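Asks: Following this message is one structure expressed as structure tokens.
The values are calculated or read from the model by the stated rules, or taken from the named source; none is laboratory data. No experiment lies behind these values; they were computed from the predicted model shown. When we count neighbours, we look across all protein chains shown, and the Cβ atoms used for this are built from the backbone with ideal geometry, even at glycine.
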Amino acid sequence: AQSVTQPDIHITVSEGASLELRCNYSYGATPYLFWYVQSPGQGLQLLLKYFSGDTLVQGIKGFEAEFKRSQSSFNLRKPSVHWSDAAEYFCAVGARDSSYKLIFGSGTRLLVRP
Amino acid sequence: DVKVTQSSRYLVKRTGEKVFLECVQDMDHENMFWYRQDPGLGLRLIYFSYDVKMKEKGDIPEGYSVSREKKERFSLILESASTNQTSMYLCASSGGQDRGFGPGTRLTVT
């Protein structure tokens with residue numbers, strides 16, 4: 001069965017510190033992979049996505065993610081966190097069929113200390 | 001950009017009422033989805049549709065039904081609302097590698 005695991009429910013980092021949010025997936029083949037961000041009271045915003053090719057993907061707002069097939073992981077990173085990054089982050093896998101159905105992880109809430 | 005709109009941002013209904021949540025997309029996407037978002041559980045797929053009048057159950061279809069009479073519109077129906085259906089409901093559409101999400105409807109059932 002397809003599934004996505006985000007093992008960290010909450011993460012707190014200091015402003016200016018680096019960030020890594022973990023994501024592991026279970027899927028029969030190489031899926032499409034996504035990271036979304038949701039600020040309080042806002043909708044989902046796509047940060048980045050991996051479909052094929054270079055396994056290091058650059059996204060918006062200075063985020064990047066690396067697809068590691070051997071570890072079934074797609075961790076999100078940012079070298080220096082800003083207070084405005086405080087939000088909830090969702091990893092998702094997408095079916096490689098015409099439905100492009102997305103399965104989401106349970107989310108990681110990022111808190112940023114001033 | 002994909003534009004997905006949902007008929008209401010906030011909705012309060014009573015137990016046992018029939019509830020309709022409407023979603024419209026303007027990108028001629030084949031696929032449309034309804035998710036439910038709850039704290040600590042992420043987004044869970046309720047139903048999706050890959051064509052007009054076609055639908056498939058997602059992970060948590062119990063207590064819900066859907067309708068897709070036109071390509072741009074996908075409705076989620078709660079036949080008899082219950083308090084455990086109090087949640088945030090998100091609609092999405094996709095076509096090719098393009099995808100968009102609606103702003104969500106926060107439904108409270110009292």
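Asks: Between A:L21, A:L33, which is within 13 Å of the chain's Cα centre (by Cα), in contact (Cβ under 8 Å) with a residue 40 or more places away in the chain and within 13 Å of A:E88 (Cα to Cα)?
Replies: A:L21
Asks: Would you check which residues across the stretch B:30-66 are within 17 Å of A:A92 (Cβ to Cβ) and either out of contact with any Leu (no Cβ under 9 Å at 6 or more places or on another chain) or among the β-branched types (V, I, T) (or both) and list them?
Replies: Within the stretch B:30-66, B:N31, B:M32, B:D38, B:G40, B:L41, B:G42, B:R44, B:I46, B:F48, B:I60 qualify.
Asks: Is there a residue in the stretch A:56-70 that is surrounded by fewer than 17 Cβ atoms within 10 Å (Cβ to Cβ), out of contact with any His (no Cβ under 6 Å at 6 or more places or on another chain), modelled with pLDDT under 90 and within 14 Å of another protein chain (Cβ to nearest Cβ)?
Replies: Start the filter on the stretch A:56-70 by keeping residues that are surrounded by fewer than 17 Cβ atoms within 10 Å (Cβ to Cβ), which leaves A:56, A:58, A:60-62, A:64, A:66, A:68-70.
In the following step, the residues that additionally are out of contact with any His (no Cβ under 6 Å at 6 or more places or on another chain) were identified as A:56, A:58, A:60-62, A:64, A:66, A:68-70.
Cutting the leftovers down to modelled with pLDDT under 90 gives us none.
No; the residues of the stretch A:56-70 include none that is surrounded by fewer than 17 Cβ atoms within 10 Å (Cβ to Cβ), out of contact with any His (no Cβ under 6 Å at 6 or more places or on another chain), modelled with pLDDT under 90 and within 14 Å of another protein chain (Cβ to nearest Cβ).
Asks: Given (1) hydrophobic (A, V, I, L, M, F, W, C); (2) surrounded by 15 or more Cβ atoms within 10 Å (Cβ to Cβ); (3) within 13 Å of chain A (Cβ to nearest Cβ), identify the lone condition not met by B:L78.
Replies: It fails just one condition, (3).
Condition check ((1) assigned to a strand (DSSP E or B); (2) in contact with a Ser or Thr (Cβ under 8 Å, 6 or more places away or on another chain)) across all residues:
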{"residue": "B:R44", "(1), (2)": "yes, no"}
{"residue": "B:F48", "(1), (2)": "yes, yes"}
{"residue": "B:E56", "(1), (2)": "yes, yes"}
{"residue": "B:P61", "(1), (2)": "no, no"}
{"residue": "B:R68", "(1), (2)": "yes, yes"}
{"residue": "B:S75", "(1), (2)": "yes, yes"}
{"residue": "B:A81", "(1), (2)": "no, yes"}
{"residue": "B:L107", "(1), (2)": "yes, yes"}
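Asks: So, in the stretch B:24-68, of the ones that are buried (at least 18 other Cβ atoms within 10 Å of the Cβ) and among the small types (G, A, S), which residue ends up nearest to the other protein chains (Cβ to nearest Cβ)?
Replies: Restricting to residues being buried (at least 18 other Cβ atoms within 10 Å of the Cβ) and among the small types (G, A, S), the top hit is B:G42.
Asks: Could you list, in sequence order, the residues of the stretch B:56-110 that are under 13 Å from the mean Cα position of the chain (by Cα) and hydroxyl-bearing (S, T, Y)?
Replies: Scanning the stretch B:56-110 gives B:Y64, B:S65, B:S67, B:S75, B:S87, B:Y89, B:S93, B:T105.
Asks: Can you tell which of A:G53, A:G105 is touching a Phe, Trp or Tyr at 6+ places or on another chain (Cβ under 9 Å) and either away from every other protein chain (no Cβ under 14 Å) or of a type outside the set (A, V, I, L, M, F, W, C) (or both)?
Replies: It is A:G105.
Asks: Oh, and also: What residue, of A:E88, A:E66, is touching a Gly at 6+ places or on another chain (Cβ under 6 Å) and assigned to a strand (DSSP E or B)?
Replies: When all the criteria are applied, what remains is A:E88.
Asks: Quick check: is even one residue across the stretch A:9-28 in a strand (DSSP E or B), of a type outside the set (S, T, Y) and within 10 Å of another protein chain (Cβ to nearest Cβ)? Break it down stepwise before answering.
Replies: Quick first cut of the stretch A:9-28, residues in a strand (DSSP E or B) only: A:10-14, A:19-21, A:24-26.
After this cut, where a residue has to be of a type outside the set (S, T, Y) as well, the list is A:10-11, A:13, A:19-21, A:24.
If we keep only those that are within 10 Å of another protein chain (Cβ to nearest Cβ) as well, we get none.
No - not one qualifying residue is present in the stretch A:9-28.
Asks: If you scan the stretch A:71-80, which residues turn out to be surrounded by fewer than 20 Cβ atoms within 10 Å (Cβ to Cβ) and either within 12 Å of the chain's Cα centre (by Cα) or closer than 26 Å to B:G40 by Cβ (or both)? Break it down into steps so the answer makes sense when it comes.
Replies: As a first pass, look at the stretch A:71-80 and keep what is surrounded by fewer than 20 Cβ atoms within 10 Å (Cβ to Cβ): A:71-73, A:75, A:77, A:79-80.
The answer is A:Q71, A:S72, A:S73, A:N75, A:R77.
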